[in-house]
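Peer 1: The following block contains the structure, expressed as structure tokens.
The values are calculated or read from the model by the stated rules, or taken from the named source; none is laboratory data. These numbers come from a predicted model, not from an experiment. As a convention, Cβ positions derive from the backbone with ideal geometry for all residues, glycine included, and neighbour counts pool all protein chains shown.
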Amino acid sequence: MESTEPGGRDRELSKLYHALMNPLTVVLGYAQLLSSRKDLDQDVRAQVTRILEEARECSRIIERARASSPRAANPASPSGPQAGGAPRRRVLVIDDEPVIQKLTAEALGADNDVVGVSTGAEAAQRLLAEDFDVVLLDLSLGGDISGRSLYETLTVQQSDVAERVVFVTGGIQDAEVQEFVTRSGREFLQKPFHLRTLRDVVARVGEM
């Protein structure tokens, strides 16, 4: 039976947005990467442009549907490209969707060394054994250790690492989760994000 409680409805909406935003993020991301190539012929470029326009329209439709629900604060505005000659950063991507890991690695790979993991347990092990400049954490992470639980553990056991966390998710509908994100003070990326915004946030947090 479908839940009629506000909290249950918000959680169902959050799951739905997450399910929609993951593939939409992948489509937008790879279309952006493809459109930046200089060797595309005219027909292919036109098709890529059409895909981008349609994916962005899908995103706008979803955002309009989300308008009446609690939302997290907007991501910080881009601060400009990474300065030339800056040292490479190590970025840990924690997301249970391998295709999101792959997209992020391709988007950031020119200036960063990217490592992807799918569970909170694996992330915790890597963070104890290795140093990372930025941690991209899927707030809707599945498994035994949720994204929120992992972050809260980091604030106690590795507070310096917690300060380098950037939350990534397909949308926040639960008011309690929104309050948690706001209280944390961490950067926040909402899917589907523009790849330039992703790069700028990583550059900014990596300089902290």
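Peer 1: Give the number of residues within region 127-166 that are within 17 Å of PHE193 (Cβ to Cβ), free of Cβ contacts under 8 Å to residues at least 60 places away in the same chain and outside any loop (DSSP other than H, G, I, E, B).
Peer 2: Residues in region 127-166 being within 17 Å of PHE193 (Cβ to Cβ), free of Cβ contacts under 8 Å to residues at least 60 places away in the same chain and outside any loop (DSSP other than H, G, I, E, B): 6 in total.
Peer 1: Looking at ALA55, ALA86, can you tell me which residue is at pLDDT below 75 and surrounded by 14 or more Cβ atoms within 10 Å (Cβ to Cβ)?
Peer 2: ALA55
Peer 1: Additional query: Under 7 Å between Cβ atoms, which residue pairs at least 6 apart in sequence (or on different chains) link something in region 180-195 that is within 11 Å of VAL26 (Cα to Cα) with a partner that is assigned to a strand (DSSP E or B)?
Peer 2: Listed by first residue and then by second, the contacts come to LYS191/VAL168; LYS191/THR169.
Rundown of residues vs (1) loosely packed, with under 15 Cβ neighbours inside 10 Å; (2) within 19 Å of ASN22 (Cβ to Cβ), yes/no style:
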| site | (1), (2) |
| --- | --- |
| VAL99 | yes, yes |
| ALA110 | yes, no |
| ALA124 | no, no |
| ASP138 | no, yes |
| VAL156 | yes, no |
| ALA162 | no, no |
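Peer 1: So GLY206 ticks every box in (1) touching a Lys or Arg at 6+ places or on another chain (Cβ under 8 Å); (2) closer than 15 Å to THR104 by Cβ; (3) free of Cβ contacts under 8 Å to residues at least 40 places away in the same chain; (4) not charged (D, E, K, R) but one. Which box is left unticked?
Peer 2: Just one mismatch for GLY206, condition (3).
Peer 1: Considering only region 158-200, state which residues are of a type in the set (Asp, Glu), under 23 Å from LEU127 (Cα atoms) and touching a helix residue (DSSP H, G or I) at 6+ places or on another chain (Cβ under 6 Å).
Peer 2: Within region 158-200, GLU187 is the sole residue that qualifies.
Peer 1: Within region 92-119, how many residues turn out to be closer than 19 Å to THR169 by Cα and either at pLDDT 95 or above or not in a helix (DSSP H, G or I) (or both)?
Peer 2: Final tally of qualifying residues: 12.
Peer 1: Restrict the check to region 158-177 and report whether at least one residue is in contact with a Pro (Cβ under 6 Å, 6 or more places away or on another chain) and among the hydrophobic types (A, V, I, L, M, F, W, C).
Peer 2: Yes, some residue in region 158-177 is in contact with a Pro (Cβ under 6 Å, 6 or more places away or on another chain) and among the hydrophobic types (A, V, I, L, M, F, W, C).
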